[in-house]
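The values are calculated or read from the model by the stated rules, or taken from the named source; none is laboratory data. Bear in mind the structure is a predicted one, so any value in this text is a computation, not a measurement. Neighbour counts are summed over all protein chains in view; Cβ atoms, including those assigned to glycine, are modelled from backbone coordinates with ideal geometry.
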């Protein structure tokens, strides 16, 4: 029996990407539903999504938040929505086409074959990143080494934002207790899934830097990740 699956896409000023992305996901073989979680984008991304809902009425959904509060909070709202709607598999991906929707089929296959979490990995087979400056590659790859060194988590790309979860995983790790909202959010979800004993598997992807729109990366997000990893590892009940 085919499992009920959804892709959650958080957006903030992604008007240049969102329509093409939605169509691309809808054309993937395994018939994923899509939930866009928009942080009240000034460029009216949510208006475009609302119009597209007329075409994909039973497969495209929208959560419109009042303001921008961070990637983590947008995802958590989306996860809770998907769990209440009884989805079996819940995927997350960026809204800027840095993640290729065509990889969803292969990731679905891996999670459907017994794994609990599947991670779209940039570093499983070398460094598969296109159009990133060297400084960004060094930062990202260094962050992955740092996370593995501190936590011991056995994956090559713990900061990846292209991930699929069985709903039981997200239920088990208590979403209301997730602490971080930025870059460290991605690490926290994987770390807590691993510590709970769930199986994590990686799937090699090619990550492409956005062509349209503006990156949301900033210094505060990076520092949150640096200190957040230490908190995850060493503070009890965190």
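General observations
- Residue 50 fulfils the conditions (1) in contact (Cβ under 8 Å) with a residue 24 or more places away in the chain; (2) in contact with a strand residue (DSSP E or B) (Cβ under 7 Å, 6 or more places away or on another chain); (3) farther than 25 Å from residue 174 by Cβ except for a single criterion, (1).
- Filter result (more than 14 Å from residue 232 (Cα to Cα) and under 15 Å from the mean Cα position of the chain (by Cα)) within the stretch 160-180: 160, 161, 162, 163, 164, 165, 166, 167, 169, 170, 175
- Residue within the stretch 107-117 that is surrounded by fewer than 16 Cβ atoms within 10 Å (Cβ to Cβ), free of Cβ contacts under 8 Å to residues at least 40 places away in the same chain and farther than 20 Å from residue 21 by Cα present: yes
- Residues located in the stretch 53-98, provided they are touching a helix residue (DSSP H, G or I) at 6+ places or on another chain (Cβ under 9 Å), at pLDDT 95 or above and either closer than 16 Å to residue 18 by Cβ or assigned to a loop (DSSP other than H, G, I, E, B) (or both): 59, 60, 61, 62, 63, 64, 65, 86, 87, 88, 92, 93
- Scanning the stretch 164-176 for residues that are over 28 Å from residue 141 (Cβ atoms), in contact with a helix residue (DSSP H, G or I) (Cβ under 9 Å, 6 or more places away or on another chain) and in a helix (DSSP H, G or I) yields a count of 5.
- If the condition is being out of contact with any helix residue (DSSP H, G or I) (no Cβ under 9 Å at 6 or more places or on another chain) and part of a loop (DSSP other than H, G, I, E, B), then the stretch 108-136 contributes 113, 114, 115, 124, 125, 126, 128, 131, 133.
- Sole residue being within 25 Å of residue 5 (Cα to Cα), without any contact (Cβ under 8 Å) to a residue 24 or more places away in the chain and in a loop (DSSP other than H, G, I, E, B), chosen from 161, 197: 197
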